[in-house]
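**Student:** Got a structure for you, questions after.
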Amino acid sequence: MPRRARAVLLGLTMSLAACADDQPTLTVVDTFTGQLSSGSVSAHSFFASSDGDVVVGFDTLSGSGITIGAYFGTPDGDGCVEQASYAPVTEASELVLSIGEPGDYCVALYDIGLLGTVTIDYEITVVHP
C-alpha cells in the first residue's frame, strides 16, 4: 500500500475512533401515573444507563391549583430514600437534576399538608439517560 494511502487510512481510522467517544447518550422517557392523598407519598423507580440530566415533568395534577412536594433519590424496597427535595411543585412544573453515574433512581411525590381530604390523580414524565 502506498505511503499516502496508509496515512489517509490511518487518519480516517483515528477520526472514526474519536467520533465513537462523542456518541449521544440514549434518552429514555418513562411515564408514571397514580394517586396522592392527604399525608401520603407515592414513589416511582427508573434505571439510568449513564450519567447525565434527569428531567421530571409534572404533566397532570388533577384539581385546580394543586401544590405538592417531590423528591429525587434511590429506591429502598417499596420506598425512595430522599437525596434532593423540591417543594412546592404544581402542574406544568419541571425539575432538572444531574446524576453522576448509572444506576437505579426514583422520584417521589408527597403531600405537603395542603391536600386535606382531596385525592388527586397525577401523571409525571421522567426523561433520563
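**Student:** If amide hydrogens are placed 1.01 Å from N in the peptide plane, which non-local residues have theirs closer than 5 Å to the one on Val54?
**Tutor:** Placed amide hydrogens put Leu97, Ser98, Ile99 under 5 Å from Val54.
**Student:** Further, regarding this structure: If the only charges are +1 at each Lys and Arg Cβ and -1 at each Asp and Glu Cβ, what is the size of the charge dipole of segment 24-128 around the Cα centre, to the nearest 20 debye?
**Tutor:** Computed charge dipole of segment 24-128: roughly 180 debye.
Values quoted throughout were computed directly from the atomic coordinates according to the rules given, and no laboratory measurement underlies them. Since the model is a prediction, treat every value here as computed from it, not as a measurement. Don't worry about glycine lacking a Cβ; one is built from the backbone with ideal geometry, like all the others, and counts go over all protein chains shown.
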